[in-house]
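Below is one structure, written out as structure tokens; the observations come after it.
The values are calculated or read from the model by the stated rules, or taken from the named source; none is laboratory data. These numbers come from a predicted model, not from an experiment. Here the Cβ positions follow ideal geometry from the backbone for every residue, glycine too, while neighbour counts run over all protein chains shown.
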Amino acid sequence: MTDDRTAETTSATRRIRLRGIAQVIFGLAALALVFVKSDTRALLDTVRNTQLAYLPLAALGSFAVTWLMAARWGLILGVRPNRPPTARLFAHYLVGLFFTNFVPGGGVSGDVARLIYVDREIQDKPFVLSTLVYERLVGVFILLLIGVGATLGSGALGQSRRTIGLVEAVLIIAFVVSAALMSRRVTRFLSHVATLVGARLGLERFASALGRTLSAISQMKFHRGMMIGTLALSITIRVVWSLGCYVVARAMALPLPLITVFSFMSIVDLIRLLPISVGGLGVREWVMVALFASVGLSREQALSFSLLVFAPVYLNAIAGGLIYLARAGAVTRAEEGAKGRRGEGATGDLLTR
């Protein structure tokens, strides 16, 4: 039995590694193809004509968005006592961004990193996981809601009935899923199904954890203040992020109204959630090219805009990487110190004999 589980774990690890390699290759190939199809001289001219003095404001907005996301997560964690302070959650979020943007697995890698850090303090993995799931549901719902509103208001997609209908369908599905997960009856049914499937597949512990997570999500609806607060913060996050992107558009002197920037960034951020490449690299550039083309802007302008908009996100990720390395170094030093103290204790025992 142990050998079978070890083999299954090894196989799963190999599949995850191969999937991660495929994401990296796909993202880099997609980005390289955008560069190949672009006019190098036009691309350099676009960057050269950008007013770089605006860009620190966009970077500040990106860090503000990360802080707001940490505050939103803290609000959700606050339904239980002893939640970590926002400053510490901000550091966890930066580390999560490092894994999201530099480690295969995308947003899942970042969420797992945040889960591990906070669970060390709270010691309740199903509850922490439920806060991550709830945070994702609220974030995606507001993303879709604002995206649909901005798209309809700006006419950015030429009022294509098919596109608008698809986005509205996704919004409705997201709303139904969110409402269903808040229902105790639905979560009880899903927990029962998970238990049966887990028993059949030999995954009882996983099924039990999933059941507790679903139960914790359904309990969120009893915290009205938290729900209102997370919705308000999610709207604020979208506004601040889109304003930072609009600053980049102004720095590049692009004829993009603010509402069009809201629409475009909502669509791009939705695409980035798909586990196609690491952090959406390459995919987001192609989406940006298609969106810019719909309003008569060039491929070079789209590529430059995408690179400048997401550069601050990578600054957040690099800061998270430095925090991660500092924490890893502190853990290593602590372990070495503990080994040294044990060694000194053993030597003292020998000397006293």
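Please work out which one of (1) closer than 30 Å to residue 236 by Cα; (2) within 21 Å of the chain's Cα centre (by Cα) is the condition residue 23 fails and give its number.
(1)
Show the residue pairs meeting these rules: Cβ distance below 7 Å; 6+ apart or different chains; first residue within the range 324-335 and surrounded by 10 or more Cβ atoms within 10 Å (Cβ to Cβ) and part of a helix (DSSP H, G or I); second residue modelled with pLDDT of 75 or more and of a type outside the set (D, E, K, R).
Every condition considered, the pairs that remain are 324/95; 324/98.
Is there any pair linking a residue in the range 46-66 that is touching a residue at least 12 places away in the same chain (Cβ under 8 Å) and farther than 10 Å from residue 308 by Cα to one that is of a type in the set (Ser, Thr, Tyr) and buried (at least 17 other Cβ atoms within 10 Å of the Cβ), with Cβ under 6 Å and at least six apart or on different chains, and which?
Matching pairs, first to second residue: 46/304; 66/93.
Could you count how many residues in the range 258-291 are among the aromatic types (Phe, Trp, Tyr) and closer than 21 Å to residue 149 by Cβ?
First pass over the range 258-291, keeping only residues among the aromatic types (Phe, Trp, Tyr): 262, 264, 286.
From the residues that got through so far, the ones that are closer than 21 Å to residue 149 by Cβ too are 262, 264.
The number of residues fulfilling the criteria is 2.
Which ones in the range 139-152 are surrounded by fewer than 19 Cβ atoms within 10 Å (Cβ to Cβ) and either β-branched (Val, Ile, Thr) or not in a helix (DSSP H, G or I) (or both)? Working first, answer last.
So the first thing to find is which residues in the range 139-152 are surrounded by fewer than 19 Cβ atoms within 10 Å (Cβ to Cβ), and the list is 141, 145, 148-149, 152.
Passing the criteria: only 148.
Per-residue answers, yes or no, for (1) of a type in the set (Gly, Ala, Ser); (2) assigned to a helix (DSSP H, G or I); (3) buried (at least 17 other Cβ atoms within 10 Å of the Cβ):
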site: 228; (1), (2), (3): no, yes, no
site: 234; (1), (2), (3): yes, yes, yes
site: 241; (1), (2), (3): no, yes, yes
site: 246; (1), (2), (3): no, yes, yes
site: 263; (1), (2), (3): yes, yes, yes
site: 276; (1), (2), (3): no, no, yes
site: 288; (1), (2), (3): no, yes, yes
site: 291; (1), (2), (3): no, yes, yes
site: 304; (1), (2), (3): yes, yes, yes
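Between residues in the range 131-154 that are farther than 16 Å from residue 232 by Cβ and of a type in the set (Val, Ile, Thr) and residues that are modelled with pLDDT of 85 or more and in a helix (DSSP H, G or I), which pairs lie under 7 Å by C-beta distance while being six or more apart or on different chains?
131/73; 131/76; 131/77; 151/263
List every residue pair whose Cβ atoms sit under 6 Å apart, with the two residues 6 or more apart in sequence or on different chains, where the first one lies in the range 243-271 and is under 18 Å from residue 294 (Cα atoms) and the second, anywhere, is charged (D, E, K, R).
268/284
I'd like the full set of residues that are assigned to a helix (DSSP H, G or I), charged (D, E, K, R) and in contact (Cβ under 8 Å) with a residue 12 or more places away in the chain, limited to the range 101-130. Please lay out each step first, then the result.
Step one: list which residues in the range 101-130 are assigned to a helix (DSSP H, G or I), which gives 101-102, 107-122, 125-130.
Imposing the further condition that a residue be charged (D, E, K, R) reduces the set to 111, 114, 119-121, 125.
Within the range 101-130, 111, 114, 121, 125 meet the criteria.
Scanning for something charged (D, E, K, R), surrounded by 11 or more Cβ atoms within 10 Å (Cβ to Cβ) and at pLDDT 85 or above, does the range 82-94 turn up at least one residue? Please lay out each step first, then the result.
Quick first cut of the range 82-94, residues charged (D, E, K, R) only: 83, 88.
Remaining after also requiring surrounded by 11 or more Cβ atoms within 10 Å (Cβ to Cβ): 83, 88.
This time we only want the ones that are at pLDDT 85 or above, so: 83, 88.
So far as the range 82-94 goes, yes, one or more of its residues are charged (D, E, K, R), surrounded by 11 or more Cβ atoms within 10 Å (Cβ to Cβ) and at pLDDT 85 or above.
Looking only at the range 119-139, decide whether some residue is aromatic (Phe, Trp, Tyr) and under 11 Å from the mean Cα position of the chain (by Cα). Full working, then the answer.
Initially, the range 119-139 is screened for residues aromatic (Phe, Trp, Tyr), giving 127, 134.
Filter once more, so that each one left must be under 11 Å from the mean Cα position of the chain (by Cα): none.
Among the residues of the range 119-139, not one is aromatic (Phe, Trp, Tyr) and under 11 Å from the mean Cα position of the chain (by Cα), which makes the answer no.
Quick check on the range 258-309: of everything there that is more than 22 Å from residue 238 (Cα to Cα) and polar (S, T, N, Q), which residue is nearest to the chain's Cα centre (by Cα)?
Step by step, filter the range 258-309, then rank; the result is 277.
Is it true that residue 313 is in a helix (DSSP H, G or I), at pLDDT 90 or above and among the β-branched types (Val, Ile, Thr)?
Numbers: in a helix (DSSP H, G or I): yes; at pLDDT 90 or above: yes; among the β-branched types (Val, Ile, Thr): yes.
The answer is yes for residue 313.
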